[in-house]
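Novice: Here it is, the structure, as C-alpha cells.
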Amino acid sequence: MEIKIGIPVSPGVAIAPALVLDSESFRIPKRFIRKDEVEQETKRFEAARKKALSEISGIKEGIHSVVKEEVASIFGSHIMILNDPKLLEEIREKISAKRYTPEYAVSRVFRKVIKAFQEIQDAYFSQRVNDFYDIQKRLLRNLLGQKAENLSKLDRKVVIVAHDLSPSQTATLDKSMVVGFATDAGGATSHTAILANALGIPAVVGLGTLSQDISGGDVVVIDGKSGRVIVNPDDETRERYEERVKGFEERGKKLAATAAKAERTTKDGQRVTLYANVEFDEEVEYSVNMGAEGVGLFRTEFIYAKYGTHPSEEQHLETYAKAHKALGGKVLTLRTMDFGADKYAAEAGLDKEDNPFLGCRSIRLSLREPRLFTTQVRAILRAGLLGPTRMMLPMISGIEEFRQAKELIEGVKADLTREGIDFRKDMPVGMMVEVPSAAIAIDSFIEDAAFFSIGTNDLVQYTIAVDRNNQHVANLFRHTHPAVLRLIKGVIAAGRAANKPVSVCGEMASEARFALLLLGFGLREFSVGPQSIPELRTILSRLTVAEAEQLSEQVMKMGHCGDIDRVLQDAEEKFLPRAEFGE
C-alpha cells in the first residue's frame, strides 16, 4: 500500500482499478496469469518484442538514406534496449515467477527504469526517458494488438490516472464508468479540476509522478476532500473507504432533501439566485434536477472538441437548442469561445506560446480570428428565440476590447437581417471580470455591459501571479488573499450601484464558506458546479444578510490568508454543522 498526497479539487471518495493514460491511452486489461499460461504468455511477449524490433529496423533503414547517421542511431539505441539482457530477464522473471501478464510486466519494468532515469540530474539521461516511453508503447501496442483505448466505451468502472487530461480526452470519456480523477499536474482551479467538478466525481491533482509510479489495474482510492490517494490499499483500508463512499452518498441525499425544502432566500427574506456552471450539454438536465435556476456559465469550448476546430453554425445552434429544451424557460448564459492557456489550445489549432496565460487567448483570439467568433455569435443570436439567452465575453481587459467585440456582434446582426434570418435583436451582452485591469476599472464598463460575471479562478491567478496549474506553487493560490477580496468586493459594489446584475462563476462561489463572504459583499447571484447547489441553498437560507455583512466586515480588517480561512471555516461550521449530514 502506498499513500500520495495532492491537492483536493472535487470532494467524495472513489475506489476502482486505475486506467493510466499516456499519449496513446493504453490500458492494461488484467494483471495476473495462471501457472499453466506462463509458457504461452512468455512466447507472446517474445513475439511482440520481435515485431517491435522489426518495426524499428524498418524505420532505421528507411531514414538512413535521407538523414544524418546520428539521427538513425537513435533507433539503433532502441534496438539495443529491446535486446538488453538485464531488461529482458526482469520482464521474463515477472511473467514466470510473479505470473504477471506480459503487458503488466512491461509496464512495471519500464516504469521503474523511467523513474530511475528521471531522478538523475543530467540532461543526457533526461532525454533518454522519451526513448523508453517510445519502446514501452510499441511493445504494449503489439501485445494488445489494438489501437489506443476508446475512452467513450469502457467496460468497467475505473479511476483515471494521467499526467493531465486534455479537453478532447475528457469530452470523449464514458462518464458513467469514470468514478474519479488523479493527475500529476494541476492546481485547485486547473481545467482538469473544473472538469471533475462539472462531472461531480472525486478528484485529486498535483500528485507529481503518480502516473509514472503505478500501472493500469492497480486499485486506487481517491479521497477528493483530503487530497489523499492510496494505491493498492490493504483490506482494512479498503473496507474503511468503502464505508466512506456510502457515507458520502448518504450526505448528498440528506443535503438534497434539506435543500429541496429550503427557501430561495436568506433567513431574512433576501432573494438569492443559484445558477449552474455547465461544461457539457448533457449536464444541463442534471443541473436543473439539482435545483439550478438557470445556467450562469455555459462553457462552449467542448463543442470544438466534439466537432473539430471549425464547428458549423448549425452544430452550435443544435447544442444551444438542446440546452434550452432541458432548461424549460430558464436563462442560458453562453460564454463565447475561451481558448488558450490550459483550455483547448490544441483543439483550436493555436500556436505554442512561451507564456500562453498572457498570450493570444479568449477574446483576443476571437478578435484575431473573427470568422470563428462570428459563426458562434450567429448561432447564439438565433438561440435567443428559443428561450432566455445571454451572451458573455471572456477575458476582457479593457473597454476597447469589449466595444470592438460588440461592433462585430452588431455586424453579425446586420448580416442576419439582410439574409432574412430571425434572431433576438435585444440580447444582453455581458462580460467576465477575470483580469485585474477590468476589476480595477470596472466603472468604465458600466454603460456598455449588460451584466458582469466574476471569474475568480483567473482573477486570483493574475492578481497574485500564481500559475493555477503549477503544483509547485499551488499552496500560494488563495481566494482569500486580501487583494483579491478587495477587487471582488469593488466589482460587486459597482454593479449593484448601477443596477447591473453581478454573479461569481469561479470555483470560489461553489464553496460554502466563500459563499457566506460573497453574500456579505452584496452578491445575490451565484453560478456554481451543479453538485454544489444543494449545500449552498441550505447554508444561504440559514443566515441573515446582516450576519453575512458582519462576517465580511470582520474579514476585510484581516491581512493574513490563514486567519481569514479559519474565520470562514468556523462560520461554515456554525451554519452547516458537519455532524448534521453525517461527516
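The values are calculated or read from the model by the stated rules, or taken from the named source; none is laboratory data. Given the structure is predicted, the values throughout are model-derived calculations rather than measurements. Note that each Cβ is placed from the backbone with ideal geometry, even for glycine, and that neighbours are counted across all protein chains shown.
Novice: May I ask you to verify whether GLU400 is at pLDDT 95 or above, closer than 21 Å to LEU358 by Cα and either part of a helix (DSSP H, G or I) or among the aliphatic types (A, V, I, L, M) (or both)? Talk me through it step by step, then tell me what you get.
Specialist: Working: at pLDDT 95 or above: yes; closer than 21 Å to LEU358 by Cα: yes; either part of a helix (DSSP H, G or I) or among the aliphatic types (A, V, I, L, M) (or both): yes.
Against the criterion (at pLDDT 95 or above, closer than 21 Å to LEU358 by Cα and either part of a helix (DSSP H, G or I) or among the aliphatic types (A, V, I, L, M) (or both)), GLU400 qualifies.
Novice: Confirm whether VAL567 is assigned to a helix (DSSP H, G or I), without any contact (Cβ under 8 Å) to a residue 24 or more places away in the chain and within 31 Å of the chain's Cα centre (by Cα). Outline the logic, then answer.
Specialist: Values: assigned to a helix (DSSP H, G or I): yes; without any contact (Cβ under 8 Å) to a residue 24 or more places away in the chain: yes; within 31 Å of the chain's Cα centre (by Cα): yes.
Criteria met by VAL567.
Novice: Tell me, please, whether a residue that is within 27 Å of GLY522 (Cβ to Cβ), modelled with pLDDT of 95 or more and either basic (Lys, Arg) or crowded, with 22+ Cβ neighbours inside 10 Å (or both) can be found in segment 412-429.
Specialist: No, segment 412-429 contains no residue that is within 27 Å of GLY522 (Cβ to Cβ), modelled with pLDDT of 95 or more and either basic (Lys, Arg) or crowded, with 22+ Cβ neighbours inside 10 Å (or both).
Novice: So, one more: Of the residues ILE492, ILE533, which is part of a helix (DSSP H, G or I) and modelled with pLDDT of 95 or more?
Specialist: Details: ILE533 fails: modelled with pLDDT of 95 or more.
Criteria check complete, one pass: ILE492.
Novice: Conditions: (1) farther than 22 Å from TYR275 by Cβ; (2) touching a His at 6+ places or on another chain (Cβ under 6 Å). ALA379 meets all but one. Number of the miss?
Specialist: ALA379 satisfies all of (1) farther than 22 Å from TYR275 by Cβ; (2) touching a His at 6+ places or on another chain (Cβ under 6 Å) except (1).
Novice: A further question follows. Hey, could you check segment 474-488 for residues that are in contact (Cβ under 8 Å) with a residue 40 or more places away in the chain and surrounded by fewer than 20 Cβ atoms within 10 Å (Cβ to Cβ) and say which is nearest to the chain's Cα centre (by Cα)?
Specialist: Kept after step one, since they are in contact (Cβ under 8 Å) with a residue 40 or more places away in the chain, are these residues of segment 474-488: 474, 477-478, 480-482, 485-488.
Okay, now just the ones that are also surrounded by fewer than 20 Cβ atoms within 10 Å (Cβ to Cβ), so 478, 481-482, 486.
Numbers: ARG478: 18, HIS481: 23, PRO482: 26, ARG486: 27 Å.
Checked segment 474-488; the qualifying residue nearest to the chain's Cα centre (by Cα) is ARG478.
Novice: Suppose the filter is modelled with pLDDT of 80 or more, surrounded by 13 or more Cβ atoms within 10 Å (Cβ to Cβ) and more than 40 Å from the chain's Cα centre (by Cα); does SER107 pass it? Please lay out each step first, then the result.
Specialist: Details: modelled with pLDDT of 80 or more: yes; surrounded by 13 or more Cβ atoms within 10 Å (Cβ to Cβ): yes; more than 40 Å from the chain's Cα centre (by Cα): no.
No.
Novice: How many residues does segment 502-530 contain that are surrounded by 22 or more Cβ atoms within 10 Å (Cβ to Cβ), more than 17 Å from the chain's Cα centre (by Cα) and not in a helix (DSSP H, G or I)?
Specialist: 6
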